[in-house]
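A short write-up of the structure that comes next.
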Amino acid sequence: MAMQASSIKKGETLIDTALTLNAMHPDLLVVRHPQSGAVDLLAQKVNCAVLNAGDGRHEHPTQALLDALTIRRAKGRLHRLNIAICGDIAHSRVARSNILLLGKMENRVRLVGPPTLVPAGFADFGVEVYDNMREGLQDVDVVMMLRLQRERMDGGFIPSEREYYHRYGLDADKLSHAKPDAIVMHPGPMNRGVEIDGDIADDINRSVIQEQVEMGVAVRMAAMDLLVRNHSGAQQDALAGSTAPGTLA
Amino acid sequence: MTFTQRHLLGIEPLHPTEITTLLDLADDYVRLNREKRHGDALAGRTQINMFFENSDSHPGQFRTGLQTPWRGCDEHGDAGLVDQKGRDPD
C-alpha cells in the first residue's frame, strides 16, 4: 500500500489505521514514523507484536543491534571497548539507541562533534563528550560515523559542509589517532566528503560498513523471529485458557 | 533462550541477556543466509510494514528477512529514496 493511496492521506488517524490493519490479524507490525513515541502509542492499541523501525529522534533499535553484532563479530566481544560515536548526535535516533545498548553492555562511549550537534544533555547518558575529533578518537576500538541529518535540521548547525568535513569528517589523519586495529562504521547512507572520506569508507582493512548491511538482514530476521515466537506463545496461552474458539479477548 | 519482550520498541527496555540472545540468534541467521538456506520459524505468519518516513535500505531488509515461507507482507507507507538523503546514486 502506498502512503498516497492510504486512508492516512484522507485524514484517518494513525491509531485508526493501525486498528484497521490490526483487524487483519497480522502477527507483526513493522513501523517507521517521523514522530517520537508514535510507535509506542501504536503498540498499545494493537494485539500483534510491534517492531520499531525508527521513530523520530527517539530510537532505532534494530540499527543499534546490527551495529552491536557487527562489533561483536569484528572485535570478538561486546564489552570493555572504547567506542566513539561521531557527528550529528543531536538529530540521530541511531546514536541514542547505540548509546543505550553499548552502555548496557559495559562499554566506554565517547560522543564527538560540534557543540551544536552534541547537546549538553547527552552527558547524562554516562558518556564522554569531545568537540575535538583527534582527541575524541584517541585509542578508540570503534569509530562510528553518523550522517548529517539535513532533513531534521531547522537552522544553521554547521558553517558549511566543507568546514564540517575539515573538522569532523573522518579522514586518514584523524583515524590515525584511533587504535591501529580500530574499525570504522557508518549506518548509511553515507555522504562521502562530508562526514567520511571515500577512501576510508572503502578500506576493507578498516571499514565494516558492508558487514553492517549484511548484519542488518540477520538482526531483523532474529528480531522478527523472537517477537513472533513470543506473540504465538501468548496466543496459545490465551487459547488454552478459553473454552472455545472465538472467546478470546 | 531469554527474550521476554512482546514488542521491540527500543533498546531501553532490553536486559543485556536479551540483547545477547537476539545477537546469538542473528549469528545463526548470518550462517543460514551465507549458506543460502532458510529456516521455517516464520512460516505462515503475516507481517505489515508501515513506513511513514523516507527510508534507505530498511524496508527491503525487513522484507528480505521475511523469506518465502511467510504468508504475506503488506507494505503500507511512504518509503522514499536514499538519494533524498544525499547518497551518491548507485
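Brief remarks on what is shown
- Contact order normalised by residue count of the range A:53-126, Cα under 8 Å, 6+ apart, percent: 34 percent
- FRET efficiency, 1/(1 + (r/R0)^6) with R0 51 Å, evaluated for A:Asp16 and B:Arg34 via beta carbons: 0.75
- In terms of surrounding Cβ atoms within a 10 Å radius of their Cβ, A:Ser97, A:Ser176 rank from fewest to most as A:Ser176, A:Ser97.
- The range A:53-181: C-alpha gyration tensor shape, a/c 1.5 cut-off, then a/b vs b/c: oblate
- Residue-averaged beta-carbon neighbours from other chains (10 angstrom radius) around A:96-109: 2
- Rounded FRET efficiency, nearest 0.05, which uses the C-beta distance separating A:Glu161 from A:Glu135 and R0 of 30 Å: 0.85
- The angle between the Cα long axis of helix A:209-240 and the longest principal axis of the Cα atoms of chain A comes to about 20 degrees, rounded to the nearest 10.
- Counting every other Cβ atom within 10 Å of each residue's Cβ, A:Asp55, A:Asp202 order from fewest to most as A:Asp202, A:Asp55.
- DSSP beta bridges in chain A [antiparallel fraction, %, rounded to 5]: 5 percent
- Each Cα pair under 8 Å and six or more residues apart adds its sequence gap; the mean of these over the residue count of chain A is a relative contact order of 16 percent.
- Applying the criteria of a DSSP loop state and at most 16 other Cβ atoms within 10 Å to the trypsin sites (Lys or Arg not before Pro) of the range A:11-90 yields A:Lys45, A:Arg77, A:Arg80.
- Note on A:46-57: average number of Cβ atoms from other chains within 10 Å of each residue's Cβ is 4.
- For B:Met50, the residues 5 or more places off, or on other chains, whose built amide H falls under 5 Å of its own are A:Val30, A:Val31, A:Arg32, B:His76.
- Listed peptides A:83-95, A:208-220 by packing density, highest first (mean Cβ within 10 Å): A:83-95, A:208-220
- Cα gyration tensor shape of chain A, rounded if a/c is under 1.5, else prolate or oblate by comparing a/b with b/c: prolate
- Shielding of peptide B:26-34 by partners, expressed as the average count of other chain Cβ atoms within 10 Å per residue Cβ, is 6.
Since every read-out is calculated from the coordinates, none of them should be taken as a lab result. Predicted, not measured: the structure shown is a model, and the values here were computed from it. Note that each Cβ is placed from the backbone with ideal geometry, even for glycine, and that neighbours are counted across all protein chains shown.
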